[in-house]
Amino acid sequence: MGQPAGSAGQVLQSNGTGAPVWSTPTYPGLLGLVGQILRSNGTNNIYSTSTFADTYAASSILYSSGANNVTGLTTGNDGVLVTDAGGVPSISSTLPDAVQYNITKLGTITNGTWNGSILGLAYGGTNTDLSSGSAVGDLLTGTATGFTRLADVATGNVLISGGAGAPPTYGKVGLTTHVSGVLEALNGGTGYDNTYTNGQLLIGNSSGTLTRNPLTGTANQVIVTNGSGTITLSTPQDIHTETTPEFVSTKLSGLAALSGVYTDINKVLTSTPPSSGTIGYWSRNDLLGILTPSNAGDDVTTTGDILLRQQGQSPQQAY
C-alpha cells in the first residue's frame with residue numbers, strides 16, 4: 001500500500017511495527033554551512049547559526065570566542081576559570097587582583113599551614129613576622145610599619161603610655177607624674193589640693209570626710225601660734241613646777257568658805273587644820289593639848305583679854 005506524500009521538509013520515520021510515517025518536525029532541505037549543527041527551535045529542526053569545531057580536546061570548556069563561533073578552552077591541573085578585562089576566559093592558577101580585592105567572605109582553613117607572604121596592614125594582617133613565638137600575657141603594640149610583641153612583666157605593674165609616637169611600657173604609676181585631679185576622702189585621699197596655709201590640720205567631720213582648718217586658742221588660756229609646718233601651743237605665763245605663776249585670785253572648790261587654808265602631809269591645800277605642825281603663826285600639839293607660837297621664844301601679845309579655861313571649867317581671865 002503506498003504512503004501519501006508528506007509536507008515539505010518532513011522525513012519518513014519508522015514507528016517500529018508498521019509502515020513508516022512522516023515526521024512531525026521538518027528538516028532543512030539544503031546543506032548547512034561548515035560547522036553548523038541541527039537544532040530544534042521548538043517546532044522544527046533547523047541549522048544553528050553558531051558554528052562548532054569537528055573535535056575538542058578532553059576536558060575542554062566550550063565558549064563563544066567570537067560572533068557565533070563556539071571554541072574549546074583547554075583546561076589545566078589546579079586551574080581556575082578567569083576572564084581578562086575584555087571578558088575573554090582562560091585557565092589560571094592565580095586569581096586576578098580585582099577578584100582578590102572583592103573577596104568579602106572567608107571560610108575556615110581546617111588543615112595545612114599558611115606559607116604565603118606576610119599579610120599587610122591593608123588586608124587585616126600585622127605586616128610583621130611573629131614566628132618567634134609568644135608567651136601568655138604578651139601584647140602586640142603598633143610600630144611605624146607593623147606590630148611588635150610587648151612581653152608581660154611582674155605582677156603590680158601597669159601599662160603606661162610612652163607619649164605620641166612612642167611605644168608603651170610596663171611600670172609603676174608615678175603619683176606626681178601620672179595622676180591628675182584630687183583624690184576624695186572616701187577613696188583614701190584628703191579631698192583637697194596642695195594649697196594649705198600655716199597650721200592647717202585635716203579634721204574629721206560629720207559627713208565622713210575631712211575639713212581643713214587651723215587650731216584656734218582661747219583668750220587668756222591657750223595661745224596658738226601657727227608657722228610654716230609648725231604649731232606652737234603656749235599659756236599666758238609659765239606654769240611648770242619650777243616657776244612661780246602669778247594670779248589675781250584663785251578659787252579652789254575643795255576649800256571651805258570663810259576658813260583657814262592649810263597644807264596637808266602631801267602639800268595639798270585644805271581647810272582642815274592639821275593635827276600637828278604650823279597653823280599660821282601657831283604650832284599645835286593635840287597630844288599635849290597646847291598651842292604655842294610657831295617660832296620658839298616669841299611672846300604672845302594682844303590688846304584684848306586672854307581667857308583661860310581648864311577642862312570642865314568656865315574660862316578665867318588671865319592677868
message = Can you tell me which residue is surrounded by the most Cβ atoms within 10 Å (Cβ to Cβ) among those in the range 1-45 that are under 26 Å from GLY72 (Cβ atoms) and in contact with a Gly (Cβ under 9 Å, 6 or more places away or on another chain)?
response = ASN45
ask   = farther than 30 Å from THR250 by Cα and at pLDDT 80 or above, is that true of LEU269?
value = no
message = Restricting to the range 170-190, and then to whatever is surrounded by 12 or more Cβ atoms within 10 Å (Cβ to Cβ), under 21 Å from the mean Cα position of the chain (by Cα) and in contact (Cβ under 8 Å) with a residue 12 or more places away in the chain, can you tell me which residue is farthest from GLY146 (Cα to Cα)?
response = ALA185
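Residues checked against (1) at pLDDT 90 or above; (2) under 30 Å from LEU308 (Cα atoms):
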| residue | (1), (2) |
| --- | --- |
| GLU184 | no, no |
| ASN198 | yes, no |
| THR209 | yes, no |
| THR216 | yes, no |
| ALA219 | yes, no |
| SER249 | yes, no |
| GLY254 | yes, no |
| THR278 | no, yes |
inquiry  = Here's a check for you: in the range 306-319, which residue that is in a loop (DSSP other than H, G, I, E, B) and exposed (fewer than 10 other Cβ atoms within 10 Å of the Cβ) is modelled with the lowest pLDDT?
reply    = TYR319
task = Being farther than 30 Å from VAL70 by Cβ and of a type in the set (S, T, N, Q) is the filter here, so list the residues in the range 1-46 that pass it.
result = GLN3, SER7, SER14, ASN15, THR17
message = Looking at the structure I just gave you, is GLY86 under 60 Å from the mean Cα position of the chain (by Cα) and free of Cβ contacts under 8 Å to residues at least 12 places away in the same chain?
response = yes
inquiry  = All but one of (1) within 30 Å of ALA122 (Cβ to Cβ); (2) exposed (fewer than 10 other Cβ atoms within 10 Å of the Cβ); (3) small (Gly, Ala, Ser) hold for SER92; state the number of the condition that does not hold.
reply    = (2)
All positions within the range 168-192 that are more than 30 Å from LEU139 (Cα to Cα) and either not β-branched (Val, Ile, Thr) or not in a loop (DSSP other than H, G, I, E, B) (or both) = LEU183, GLU184, ALA185, LEU186, ASN187, GLY188, GLY189, GLY191, TYR192
ask   = Residues in the range 1-33 that are within 13 Å of ILE46 (Cβ to Cβ) and among the aromatic types (Phe, Trp, Tyr): how many?
value = 1
query = Just checking, how many residues over the range 143-158 are free of Cβ contacts under 8 Å to residues at least 24 places away in the same chain, closer than 24 Å to GLY125 by Cα and not acidic (Asp, Glu)?
reply = 7
task = Just give me the residues in the range 193-235 being surrounded by 13 or more Cβ atoms within 10 Å (Cβ to Cβ) and assigned to a loop (DSSP other than H, G, I, E, B), in sequence order.
result = TYR196, GLY199, THR209, LEU215, GLY217, THR235
inquiry  = For the range 244-264: of the residues being without any contact (Cβ under 8 Å) to a residue 12 or more places away in the chain and surrounded by 10 or more Cβ atoms within 10 Å (Cβ to Cβ), which is nearest to ASN220 (Cα to Cα)?
reply    = PRO245
message = Which count do you get for residues in the range 116-141 that are more than 24 Å from THR177 (Cα to Cα) and either of a type outside the set (S, T, N, Q) or touching a residue at least 24 places away in the same chain (Cβ under 8 Å) (or both)?
response = 18
ask   = Name the residues in the range 39-63 that are free of Cβ contacts under 8 Å to residues at least 12 places away in the same chain, part of a strand (DSSP E or B) and out of contact with any strand residue (DSSP E or B) (no Cβ under 6 Å at 6 or more places or on another chain), would you?
value = ARG39
request  = Mind listing just one residue for me: the one in the range 124-146 that is in contact with a helix residue (DSSP H, G or I) (Cβ under 9 Å, 6 or more places away or on another chain) and not small (Gly, Ala, Ser) and, of those, farthest from PRO168 (Cα to Cα)?
outcome  = ASN127
Number of the exception - GLN100 against (1) modelled with pLDDT of 85 or more; (2) within 30 Å of SER60 (Cα to Cα); (3) not aliphatic (A, V, I, L, M) = (1)
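The values are calculated or read from the model by the stated rules, or taken from the named source; none is laboratory data. From a predicted model like this one, the values you see are computed outputs, not experimental measurements. Heads up, the Cβs are rebuilt from the backbone with ideal geometry, glycines too, and the neighbour counts pull from every protein chain shown.
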